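Visitor: Sending over a structure as structure tokens; questions will come in a sec.
The values are calculated or read from the model by the stated rules, or taken from the named source; none is laboratory data. Since the structure is predicted, the reported quantities are computational estimates derived from the model, not experimental observations. With ideal geometry, Cβ positions are generated from the backbone for all residues, glycine too; neighbour counts draw on all protein chains shown.
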Amino acid sequence: MFDDRSPIYRQIAEQIEADVLRGALGADDQVMSTTKYAAFHRINPATVAKAFQQLVDDGLLYKRRGVGMFVSPDAPETLRERRRKTFFTDVVDPMVAQARTLRIPAGELIDRITELSTGEEQP
Amino acid sequence: MSMVVEVDQLTLRYHDVTALDEVSCTLTGGKIYGLLGRNGSGKTSLLSVLAGYREHTDGQVRIGGLPVFDNAEVTSRVCLVRGSGDATQNSLKVADVLEFAAILRTSWDSDYAAELVELFSLPLNKTVGSLSHGRRSALGIVIGLASRTPLTMFDESYLGLDAPTRYKFYDAVLAEAMAQPRTIILSTHLIEEVSALFEEVLILDDGKLVLHEEAETLRASGCAVTGDAEVVDRFVDGLRVLGEKRLGRTKSAMVYGDLDAEQRAGASAAGLDLGPLALQDLFVHLTEPGDPS
């Protein structure tokens, strides 16, 4: 589940972010408690607390004293906004570089993207 | 409840062998600590001194502010579980061993002990000598957990346990640490399997403490730099390199220490690949024989 190669708290935070983006965790949904999360994934509770704290600092979760952690209503939009900023450098650039290595013409890439996007509303 | 463990310039010598060499560390308590080290690095020696089994040669050891050796007030609140078990108990029944453990520790929780006996399927009426290696380890684990001592140490307690039982052990330690915060030290060789449980990690090498760090900080504190050998050499010049691997013109160097944004950008611009370093790799290289650090 978690590998040993990067801080585990970062991996936990990314997992929760992914759940929010997919809609598995909605606005004002409660997140699993630190204790449950630690026991379920077999990780130190301090590590989980660190991940939750980071998500709180990023405005993605909020705390309700004595109750637990909840998803901020604007968390999905905050995340989408953040991911949009790095989407081209993180996703598109490596894809284009890979296509070039494989000698896939740019036209084919564009055709594919157009094909997958048809029927979608234009923003 | 937990007690601060203060170790200051601790040295332990057996005749002409120095098992511990000026080890200093402070464990603030209430956490799960991982104690790592190769065979013969001094792990068991350190734990034995902390448990009051051995008197140290030099330096100071205090638990909860008090000296440990020959001090029942401290040792009754400390429990060390040795993986190999205690051979003198071979003729005793499991139930009797548990009863003795209960008498020894005022903090003993017999309901919890019964729960654990069930969890690890321990046969109460069999003698310790007739138990398999794994069951014997499990008995030690039950004693360590049910003693509920503020300082509990498991010295390679996973020995002989199969994987499902090891996971039961890890789950029980974690559940207990969360329900009743106490200081738990686990010494182990199975780093990958158990390291997510640690809040702090201590590494002993040749009797010296070479590292004491938060596990999460440690996970972020090294990286593997891979690329053309000459470019890698130029990049790591001046950095602390733990080890290198070479295949043809490609070289991978393990660097210890944080790289700043500028260094990362420089590596990327030079066509170098920066990968994370596993705790296990870090451990292997920090304890490499002949390592001058």
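Visitor: With the stretch B:1-44 as the region, which strands (runs of 3 or more DSSP E) entirely inside it contain at least 3 residues that are among the β-branched types (Val, Ile, Thr)? Can you show your working first?
Guide: Working: elements: B:5-14, B:17-27, B:32-37.
Counting at least 3 such residues, we get B:5-14, B:17-27.
Visitor: Go over the candidates B:LYS168, B:LYS245 one by one and state the one that is touching a residue at least 40 places away in the same chain (Cβ under 8 Å) and among the basic types (Lys, Arg).
Guide: Just a single option satisfies the conditions, and that option is B:LYS168.
Visitor: A:ARG22 is checked against (1) at pLDDT below 90; (2) outside the structural domain of A:ILE113 (by TED's automatic domain parsing); (3) under 17 Å from the mean Cα position of the chain (by Cα) and fails just one. What number does that condition carry?
Guide: (1)
Listed here are the residues, each with its yes/no results for (1) touching a strand residue (DSSP E or B) at 6+ places or on another chain (Cβ under 8 Å); (2) farther than 26 Å from B:TYR158 by Cβ; (3) in contact (Cβ under 8 Å) with a residue 40 or more places away in the chain; (4) outside the structural domain of B:LEU12 (by TED's automatic domain parsing).
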{"residue": "B:ARG62", "(1), (2), (3), (4)": "yes, yes, yes, no"}
{"residue": "B:PHE69", "(1), (2), (3), (4)": "yes, yes, no, no"}
{"residue": "B:GLU73", "(1), (2), (3), (4)": "yes, yes, no, no"}
{"residue": "B:THR88", "(1), (2), (3), (4)": "no, no, no, no"}
{"residue": "B:LEU92", "(1), (2), (3), (4)": "yes, no, no, no"}
{"residue": "B:ASP96", "(1), (2), (3), (4)": "no, no, no, no"}
{"residue": "B:GLU99", "(1), (2), (3), (4)": "no, no, no, no"}
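Visitor: Oh, and also: From the list B:LEU186, B:LEU174, exactly one residue is buried (at least 18 other Cβ atoms within 10 Å of the Cβ), in contact with a helix residue (DSSP H, G or I) (Cβ under 8 Å, 6 or more places away or on another chain) and either more than 13 Å from chain A (Cβ to nearest Cβ) or under 20 Å from B:ALA51 (Cβ atoms) (or both). Which is it?
Guide: Details: B:LEU174 fails: either more than 13 Å from chain A (Cβ to nearest Cβ) or under 20 Å from B:ALA51 (Cβ atoms) (or both).
It is B:LEU186.
Visitor: Another one. If B:ALA265 passes every condition in (1) touching a strand residue (DSSP E or B) at 6+ places or on another chain (Cβ under 9 Å); (2) within 14 Å of another protein chain (Cβ to nearest Cβ) but one, which one does it miss?
Guide: Of (1) touching a strand residue (DSSP E or B) at 6+ places or on another chain (Cβ under 9 Å); (2) within 14 Å of another protein chain (Cβ to nearest Cβ), only one is false for B:ALA265: (1).
Visitor: Next question. Of (1) in contact with a Lys or Arg (Cβ under 6 Å, 6 or more places away or on another chain); (2) within 30 Å of B:LEU259 (Cα to Cα), B:ASP155 satisfies all except one. Which?
Guide: That leaves (2) as the condition not met.
Visitor: Right, something else. Considering (1) out of contact with any helix residue (DSSP H, G or I) (no Cβ under 6 Å at 6 or more places or on another chain); (2) more than 14 Å from chain A (Cβ to nearest Cβ), say which one B:GLY29 fails and leave the rest.
Guide: Going through (1) out of contact with any helix residue (DSSP H, G or I) (no Cβ under 6 Å at 6 or more places or on another chain); (2) more than 14 Å from chain A (Cβ to nearest Cβ) one by one, B:GLY29 breaks only (2).
Visitor: Follow-up. Applying the selection to the stretch A:68-82, what residues are among the polar types (S, T, N, Q) and out of contact with any strand residue (DSSP E or B) (no Cβ under 7 Å at 6 or more places or on another chain)?
Guide: The one that is among the polar types (S, T, N, Q) and out of contact with any strand residue (DSSP E or B) (no Cβ under 7 Å at 6 or more places or on another chain): A:THR78.
Visitor: Quick one: is B:SER252 more than 11 Å from every other protein chain (Cβ to nearest Cβ), under 16 Å from B:PRO276 (Cβ atoms) and at pLDDT 90 or above?
Guide: When the stated conditions are applied, B:SER252 passes them.
Visitor: Note down all Cβ pairs under 8 Å where the first residue falls in the stretch A:45-64 and is touching a residue at least 60 places away in the same chain (Cβ under 8 Å) and within 14 Å of another protein chain (Cβ to nearest Cβ), the second is buried (at least 19 other Cβ atoms within 10 Å of the Cβ) and hydroxyl-bearing (Ser, Thr, Tyr), and they're at least six residues apart or on different chains.
Guide: none
Visitor: While we're looking at this one, here's another question. Can you list residue pairs whose Cβ atoms sit under 7 Å apart, with the first residue in the stretch A:5-33 being within 14 Å of chain B (Cβ to nearest Cβ) and over 14 Å from A:LEU79 (Cα atoms) and the second being of a type in the set (Ser, Thr, Tyr) and assigned to a loop (DSSP other than H, G, I, E, B)? Count only pairs 6 or more apart in sequence or on different chains.
Guide: Pairs that qualify, where the first residue is within 14 Å of chain B (Cβ to nearest Cβ) and over 14 Å from A:LEU79 (Cα atoms) and the partner is of a type in the set (Ser, Thr, Tyr) and assigned to a loop (DSSP other than H, G, I, E, B): there are none.
Visitor: For the stretch B:155-170, which positions are within 12 Å of B:PHE120 (Cα to Cα) and either more than 10 Å from chain A (Cβ to nearest Cβ) or of a type outside the set (Phe, Trp, Tyr) (or both)?
Guide: Listed by number, the residues that qualify are B:LEU161, B:ASP162, B:PRO164, B:THR165, B:ARG166, B:LYS168, B:PHE169.
Visitor: Another question, if that's okay. Looking for something part of a loop (DSSP other than H, G, I, E, B), in contact with a helix residue (DSSP H, G or I) (Cβ under 6 Å, 6 or more places away or on another chain) and buried (at least 17 other Cβ atoms within 10 Å of the Cβ) - is there at least one such residue anywhere in the stretch B:141-155?
Guide: no
Visitor: Determine whether A:PRO76 is surrounded by 10 or more Cβ atoms within 10 Å (Cβ to Cβ), within 14 Å of chain B (Cβ to nearest Cβ) and out of contact with any Pro (no Cβ under 6 Å at 6 or more places or on another chain).
Guide: Judged against the criteria, A:PRO76 is not a match.
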